[in-house]
């Protein structure tokens, strides 16, 4: 089993960007341009490596390889995006890899592109790229090319060597468990061994509501691979497990006028198999709360007035400052209740909420994470 943190270190230490490896400061697939550029790189790396895995490492400064990290990205439906836009799509996996020096909410994103030995192309137009376009890696660049020659296998031995040097061992596993237990000692850290091989660590702030137990500030890591499977600083999560599987149900807090409820968002099951493999099945179980449209019209207009003041640099009243705390979440509720124009307003608010305070920006990111899951499904 490959230790993904060690794999990233090996990629950064021994290789500049090339035909099987790319690095990015960040990616943003919430916009068409970001989607198009991401798809271009996936297409190019897949075509240039028909016999071996290729990788994109996200959260790395381009000039000096400094590991700065990105936000935790837990979208299990990214393969849907690949399948929708690419012909002969490769299998693509996005994983969140924690590093000890990074803050709790920051990880390094690792995208693994598994070969399919077929030519991958754009299925349809997106941004400035035309349907039918074929991309290849030219050194560190992803370039459109006319495919008329056989692809040479030049990277298999190099990539195999890098992956072999990133294999996990007992010391790395034990160090990972001790690191997790020490770092999360304030949140009741636990570990469990599945199938005598997989070591799963998790922690969370326990809260009992009647006969049910929930956790917040939940962190879950598969130590064998140094992969963070789940992280949330806010949400409520229920946890169940047996000898073969580990299941979490994520809840989100939504409401209006200081009246809030918890709604089920997603159920994620990690299934451990006898053949030293595991699978993750994520199912969206979210049913958007419905509210009176007259009330929503009032809230939507109030949000727009606040946003306009932020754009013009006008000071907010005391009531508007209070409403600002719920601006992102209430825009989301409006959108989920049929206010299509609330979505671009939410996206515009990002830059102003980020400037206003870290707390409000974190609220925006949490809101957009929910929206991304709903949109992909």
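The values are calculated or read from the model by the stated rules, or taken from the named source; none is laboratory data. Just so it is clear, the structure is predicted and the values come from calculations on it, not from any experiment. Ideal geometry is used to build each Cβ from the backbone, glycine not excepted, and the neighbour counts take in all protein chains shown.
Okay, residues lined up against (1) surrounded by 14 or more Cβ atoms within 10 Å (Cβ to Cβ); (2) touching a helix residue (DSSP H, G or I) at 6+ places or on another chain (Cβ under 9 Å); (3) modelled with pLDDT of 95 or more:
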{"residue": "191", "(1), (2), (3)": "yes, yes, yes"}
{"residue": "206", "(1), (2), (3)": "no, yes, no"}
{"residue": "209", "(1), (2), (3)": "no, no, no"}
{"residue": "212", "(1), (2), (3)": "no, no, no"}
{"residue": "217", "(1), (2), (3)": "yes, yes, no"}
{"residue": "251", "(1), (2), (3)": "yes, no, no"}
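Among the residues that make up the stretch 163-173, is at least one of them assigned to a helix (DSSP H, G or I), over 30 Å from residue 14 (Cβ atoms) and modelled with pLDDT of 95 or more? Write out each step before concluding.
Residues of the stretch 163-173 assigned to a helix (DSSP H, G or I): 163-164, 170-173.
When the remaining residues are screened for being over 30 Å from residue 14 (Cβ atoms), the result is none.
Within the stretch 163-173, none of the residues are assigned to a helix (DSSP H, G or I), over 30 Å from residue 14 (Cβ atoms) and modelled with pLDDT of 95 or more.
Listed here are the residues, each with its yes/no results for (1) assigned by TED's automatic domain parsing to the domain that holds residue 110; (2) in contact (Cβ under 8 Å) with a residue 24 or more places away in the chain; (3) under 14 Å from residue 96 (Cβ atoms).
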position: 208; (1), (2), (3): no, no, no
position: 216; (1), (2), (3): no, no, no
position: 220; (1), (2), (3): no, yes, yes
position: 224; (1), (2), (3): no, yes, no
position: 230; (1), (2), (3): no, yes, yes
position: 234; (1), (2), (3): no, yes, no
position: 239; (1), (2), (3): no, yes, no
position: 245; (1), (2), (3): no, yes, no
position: 252; (1), (2), (3): no, yes, no
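Any residue that is crowded, with 16+ Cβ neighbours inside 10 Å and within 22 Å of residue 250 (Cα to Cα) - is there at least one of those in the stretch 303-325?
No; the residues of the stretch 303-325 include none that is crowded, with 16+ Cβ neighbours inside 10 Å and within 22 Å of residue 250 (Cα to Cα).
Quick one: would you say residue 82 is over 24 Å from residue 145 (Cα atoms), more than 12 Å from the chain's Cα centre (by Cα) and buried (at least 17 other Cβ atoms within 10 Å of the Cβ)?
Working: over 24 Å from residue 145 (Cα atoms): no; more than 12 Å from the chain's Cα centre (by Cα): yes; buried (at least 17 other Cβ atoms within 10 Å of the Cβ): yes.
The answer is no for residue 82.
Which ones in the stretch 7-36 are assigned to a helix (DSSP H, G or I) and surrounded by fewer than 19 Cβ atoms within 10 Å (Cβ to Cβ)?
Of everything in the stretch 7-36, those that are assigned to a helix (DSSP H, G or I) and surrounded by fewer than 19 Cβ atoms within 10 Å (Cβ to Cβ) turn out to be 9, 10, 12, 13, 14, 32, 33, 34, 35, 36.
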